[in-house]
Amino acid sequence: QVQLVESGGGLVQAGGSLRLSCAGSGRTFSRYAVGWFRQAPGKEREFVAGISWIGGSTYYADSVKGRFTISRENAKNTLSLQMNSLKSEDTAVYYCAARYSIVVTAPSGYGYWGQGTQVTVSS
């Protein structure tokens, strides 16, 4: 159905930037709502940002608004997350996910997940 592979994670200093990418496959990938989630040790997986296939409407968690930018390049089935002004609290494993139809914030609403990529922000 849909396969997702994240890349771009790594170690970055606080205040720095990092760009995550998610390569997706699927005949109708562009019709899916896609998003980024993250999970820190001992915490539940949380919504970070999402983008719809209709008009490219974007959604962000309050904690990342103004700092992160989600985008998609349908021709290449690629989802990106540009992260600027990174903080130590952003440290987590980041996952890209997809679902058919609209963007939702609950992880349980997504049926397709990548394996995750580690993002570590040093203080």
Quiz item: So if R0 is 25 Å, what FRET efficiency would residue 76 and residue 108 give, r being the distance between their Cβ atoms, rounded to the nearest 0.05?
Solution: 0.30
Quiz item: Taking the alpha-carbon centroid of each part, what is the distance from the range 79-103 to the range 50-65 in angstrom?
Solution: 10
Quiz item: When the dipole is taken about the Cα centre of the chain, and only Lys, Arg (+1) and Asp, Glu (-1) are charged at their Cβ, what size is it in debye, to the nearest 20?
Solution: 260
Practice problem: Take every DSSP beta bridge with both residues inside the chain and express the antiparallel ones as a percent of the total, to the nearest 5. | Solution: 90
Practice problem: Before anything else, pin down the relative contact order of the chain: Cα pairs under 8 Å, at least 6 apart, normalised by residue count, whole percent. | Solution: 37
Exercise. Name the lysines eligible as straight-distance cross-link partners of residue 65: C-alpha to C-alpha under 23 Å, and not fewer than 8 places from it in the same chain.
Key: 43, 87
Practice problem: Mind giving me the nanometre distance, one decimal, between the label points for residue 11 and residue 67, set 7 Å out from Cα along Cα→Cβ? | Solution: 2.0
Quiz item: Using a probe of 1.4 angstrom, how much of the accessible area of the chain is carbon and sulfur, in percent?
Solution: 47
Quiz item: If you roll a 1.4 Å probe over the heavy atoms of the protein chains, what accessible area per residue do you get for the chain, in Å²?
Solution: 52
Practice problem: Please report the Cα spread of the chain along all three principal axes, rounded to whole Å, starting with the longest. | Solution: 42, 27, 23
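The values are calculated or read from the model by the stated rules, or taken from the named source; none is laboratory data. Quick caveat: nothing in here was measured; it's all calculated off a predicted structure. Here Cβ is always computed from backbone atoms with ideal geometry, including for glycine, and neighbour counts include all displayed protein chains. The protein model used for the area step is the full one, side chains on, heavy atoms only, and it has no ligands, DNA or RNA in it. Shrake-Rupley method; radii C 1.70, N 1.55, O 1.52, S 1.80 Å.
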